[in-house]
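Contents: one structure, followed by commentary.
The values are calculated or read from the model by the stated rules, or taken from the named source; none is laboratory data. Because the structure is a prediction, the values reported are computed rather than measured. All Cβ positions, glycine included, derive from the backbone under ideal geometry; neighbour counts span all protein chains shown. Calculation scope for accessible area: heavy atoms of the full protein, side chains included, ligands and nucleic acids excluded. Shrake-Rupley method; radii C 1.70, N 1.55, O 1.52, S 1.80 Å.
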Amino acid sequence: MQIHQTYLSPFVADLQRCIQCGFCLPTCPTYNLTGKERSSPRGRIQMMKGIASGELSMSELFAHEMFFCLDCRACETACPAGVQYSSVLSSSRSALFQIDEKKIFSLSQKILNGIFLSTARIKFVAYVLRILQKSGVMDALHQSGIVKIFSSQLDEMLLLSPKIADEFSDKYFDKNKLKYKSHTHQNGNKRMRVGVPLGCVTNVAFPEVNIATVNVLEKLGYEIILTENISCCGALHHHNGDEKNAKILALQVMNSFEHFQCDIIASNTAGCGTAMKEYGKLFSGDSVNDKRAIEFSKKVKDISEIIAESTFDEKANSTTFSKKVNITYHDACHLAHGQKITEEPRKIIKQFQNVTLIEMKESSWCCGSAGVYNITHFSDAFQLLRRKMENIKQAQTDIVVTGNVGCMQQLRYGADKCGVNVKVMHTVEFVRQMMEESN
């Protein structure tokens, strides 16, 4: 049996579940961009069926379509037959990865393996990027137009890169003696123990999200566990088809928290949370790690889930924003379609006085961030971003709240490029600000 059949054969039953109804077509961003059947979930599934049966062979066209897909999972939400599209997509990418790694994976794989496999490399790149940003070199390169002469896409990517923080969140917590924090109420009763992975990009570019997460959890009465081992959760590698390195990173995350016997693992990034909730799938068939992966995944919750389930109502109802504010909410794809979390963030926002939630059109439509998609498919991603920014503009709000740092960066870039005057915040940042208003 050929290698591609080895990867896809276990999913034949799931592929056959597709009834070709077409409900997925209007929800698919890439089909909307091209109008081509092959760029839709239904079309891609037909191609996968051919590969699994041996009737088709791997081709450049097949590889293009598998990676043209954003893996936003909107089709899963729309599918009446319950096809687990993301699982078969990941397997297709894994097959492609095994067959011709060098040919298919150029920019994206260099980024992932060159940076994200090592915490030290992540921080080194962050330090260099911070120097370039603070020195004004990146702004000067953009304004001079030199980079644009060679590549207009690279010129835009300079603007798209996240602003590196002056202090990373792990350094902040270490300075404030919050590493390995473990304590109980004064009466000795054990509190729910929550492990907070600090992530890779979040740690260096969005430390305020991690800090807000810990602050809010503490105010809600949870015991916080932070560990010294800070690594990528493996989501980016898994989505790119690199199962081997995805498992290595996943094991690092699990090893970091298992010793502390956490009751909950709190995620504040939609893509990471989805990946951690699906570690059981990643290690399926691994007799050594499958059970522990399943147990770990059961503990993972998005921060909005934890807040919504806590004794939050009383705190929220007593909190009044200093002025009336209109807020709209952007559903991060992997939160809405991957984890099926849509009501919790809205429930949280609505509980605050003087805050009006205005629903934007197509709130769950992908913004084009999608991991490293906005780098590897910049032009396509920007078309999706323009559509998102137009919907935000029409909502006429002061703030956009979302639950994913990748979306935050993409939306901030879009607001600047499209001239939309709006502040972009993470859900937990918004909650923290509201709690501070009440003090």
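Tabulated data
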| quantity | calculated |
| --- | --- |
| Rough spin-label spacing in nm, given labels placed 7 Å along Cα→Cβ, for residue 19 and residue 340 | 1.8 nm |
| Cβ crowding within 10 Å averaged over residues, with 400-411, 249-260, 212-223 ranked highest first | 400-411, 212-223, 249-260 |
| In sequence order, calculated HN-Hα J values of the range 248-257 (Karplus, 6.51, -1.76, 1.60; Hz; x Gly/Pro) | 4, 5, 4, 5, 4, 5, 4, 4, 5, 10 |
| Part-to-part distance (alpha-carbon centres) for the range 229-299 and the range 337-391, which is given in Å | 25 Å |
| Cut-off under 5 Å, modelled amide H: who pairs with residue 424 long-range | 400 |
| Extension gain, residue 171 back to residue 260 (0.36 nm per residue minus Cα-Cα distance, nm) | 30.0 nm |
| Ranking by accessible area, most exposed first, for 208, 309 with a 1.4 Å probe | 309, 208 |
| Spin-label pair residue 53/residue 36, simplified geometry with 7 Å Cα→Cβ offset, distance in nm | 2.2 nm |
| Area of residue 130 that stays accessible when all protein chains are in place (1.4 Å probe, Å², to 10) | 50 Å² |
| ³J(HN,Hα), Karplus 6.51/-1.76/1.60, whole Hz, each residue of the range 63-80, x for Gly, Pro | 4, 4, 5, 5, 9, 6, 5, 7, 6, 7, 6, 4, 5, 5, 5, 7, 6, x |
| Residue 265 long-range amide H proximity, modeled H, under 5 Å | 195, 300, 301 |
| Solvent-accessible area of residue 61 with every protein chain in place, 1.4 Å probe, in Å² to the nearest 10 | 80 Å² |
| Over 20 Å between alpha carbons, listed pairs 219/323; 123/281; 350/388; 219/301; 281/388; 247/299 | 219/323; 123/281; 350/388; 281/388 |
| Solvent exposure, largest accessible area first (probe 1.4 Å, DNA, RNA and ligands not counted), of 172, 373 | 172, 373 |
| The range 327-378: GluC sites (Glu not before Pro) in DSSP loop, at most 15 other beta carbons within 10 Å | 359, 362 |
